[in-house]
1. Return yes when residue 89 is of a type outside the set (A, V, I, L, M, F, W, C), closer than 27 Å to residue 132 by Cα, at pLDDT below 95 and surrounded by fewer than 17 Cβ atoms within 10 Å (Cβ to Cβ) and no when it is not.
2. When you scan segment 26-52, how many residues do you find that are open to solvent by less than 50 Å² (accessible area, probe 1.4 Å) and not in a helix (DSSP H, G or I)?
3. I'd like the full set of residues that are without any contact (Cβ under 8 Å) to a residue 40 or more places away in the chain and outside any helix (DSSP H, G or I), limited to segment 58-83.
4. Just to be sure before I move on: is residue 122 within 19 Å of residue 8 (Cβ to Cβ) and at pLDDT below 90 in the structure I sent?
5. Out of the residues in segment 99-110 that are out of contact with any helix residue (DSSP H, G or I) (no Cβ under 8 Å at 6 or more places or on another chain) and not basic (Lys, Arg), which is least open to solvent (accessible area, probe 1.4 Å)?
6. Which of the residues spanning segment 125-138 are under 17 Å from residue 8 (Cβ atoms) and either open to solvent by 90 Å² or more (accessible area, probe 1.4 Å) or of a type in the set (D, E, K, R) (or both)?
7. Here is a check on your reading of the model: is residue 10 within 16 Å of residue 127 (Cβ to Cβ), of a type in the set (Gly, Ala, Ser) and either open to solvent by 70 Å² or more (accessible area, probe 1.4 Å) or touching a residue at least 12 places away in the same chain (Cβ under 8 Å) (or both)?
8. For segment 48-56, state whether one or more residues are among the small types (Gly, Ala, Ser) and either touching a helix residue (DSSP H, G or I) at 6+ places or on another chain (Cβ under 7 Å) or in contact (Cβ under 8 Å) with a residue 60 or more places away in the chain (or both).
Amino acid sequence: MRISTKGRFAVNALVDLALRAPDGPVALASISQRQQISLSYLEQLFSRLRRLGLVESTRGPGGGYTLGRDAERISVAEIVAAVDESLEDAATEGQAQDASAALWQRLGAVMLQHMGTISLASLVQEQIRQVRLQDLGW
């Protein structure tokens, strides 16, 4: 199994969003600048995230995106699944005729299960810790 660029960008964008959530809706343009992801690409990703209720949008001046539910209740697996094509297909991509296809399927399932145990909140807390350590010169 591999996590696509879409999945990585979506996780990074939601960590960015969650870090700024207390200040209100976050504009995609600001996420785009900070994460160096094209705005049109982010719009596509956030459209998928919104359909699954992971984010909510607010229109108008001061509008943008907020989390659809508490960051503790959003898993990395949900984020990746929202933007990636079938994760099960990715786990066996190119392996259909291979004798080790069952192994790749099991590994993909274990990886997906593990991603389900990682909350967006834990990634945000890790990011905050890293920034604090950098500020202390560590």
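The values are calculated or read from the model by the stated rules, or taken from the named source; none is laboratory data. Keep in mind it's a predicted model, so treat the numbers as computed, not measured. As a convention, Cβ positions derive from the backbone with ideal geometry for all residues, glycine included, and neighbour counts pool all protein chains shown. What goes into the accessible areas is simple: the full protein's heavy atoms, side chains included, and nothing from ligands, DNA or RNA. Shrake-Rupley method; radii C 1.70, N 1.55, O 1.52, S 1.80 Å.
1. Against the criterion (of a type outside the set (A, V, I, L, M, F, W, C), closer than 27 Å to residue 132 by Cα, at pLDDT below 95 and surrounded by fewer than 17 Cβ atoms within 10 Å (Cβ to Cβ)), residue 89 does not qualify.
2. Number of matching residues: 3.
3. Scanning segment 58-83 gives 58, 59, 60, 61, 62, 63, 68, 69.
4. no
5. Here the answer is 101.
6. Within segment 125-138, just 126 meets the criteria.
7. Against the criterion (within 16 Å of residue 127 (Cβ to Cβ), of a type in the set (Gly, Ala, Ser) and either open to solvent by 70 Å² or more (accessible area, probe 1.4 Å) or touching a residue at least 12 places away in the same chain (Cβ under 8 Å) (or both)), residue 10 qualifies.
8. No: zero hits.
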